[in-house]
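Input: a single structure, listed below in structure tokens.
None of the figures in this text is laboratory data; all of them are computed from the coordinates on show. If you're wondering where the values come from, they're calculated on a predicted model, not measured in any experiment. In this analysis, Cβ positions are derived from the backbone assuming ideal geometry, glycine residues included, and neighbour counts consider all displayed protein chains.
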Amino acid sequence: MDDRLEAAVWLYVFFAFGVFLLVAPWSPLWDRAAMLLGGTEAGRWVVGGAARGAASALGLLDLLAAAAETRLLWSAISRASSS
């Protein structure tokens, strides 16, 4: 696969998951999904702040990975245009 295409696909994947994980824990979607666990201990943990913060932190890491992929894509485009 072409370096530019591969970098663009990874950029999209990291960015999409990053935004989702950053926003979803603080939306009603998270609470509805946690209701599937009922009154279990896992359900109480999932709706807690620690689990929401951990998911958001993972989203932030995905966004940082997207930034790194952006640099790779930019350098691949620069190499292709200088050739």
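Structure summary
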| read-out | value |
| --- | --- |
| Kirkwood estimate for the stretch 37-83, i.e. one over the average of 1/r between Cα atoms, Å | 13.4 |
| Diffusion coefficient, µm² s⁻¹, Stokes-Einstein with Kirkwood Rh over alpha-carbon pairs of the chain at 4 °C and 1.567 mPa s | 90 |
| Residue among LEU60, LEU37, LEU72 with the largest mean-square fluctuation in a Gaussian network model of the chain, springs linking Cα atoms under 10 Å | LEU37 |
| Rounded to 10°, Cα long-axis angle of helix 49-82 versus longest principal axis of the chain | 10 |
| Projected label distance in nm at LEU58 and ASP2, using a 7 Å step from Cα toward the beta-carbon | 3.3 |
| Per-pair calculated FRET efficiency, R0 = 25 Å: VAL19 and ALA51 via Cβ, rounded to 0.05 | 0.85 |
| Residue-count net charge about PRO25 - beta-carbon cut-off 12 Å; Lys, Arg +1, Asp, Glu -1 | 0 |
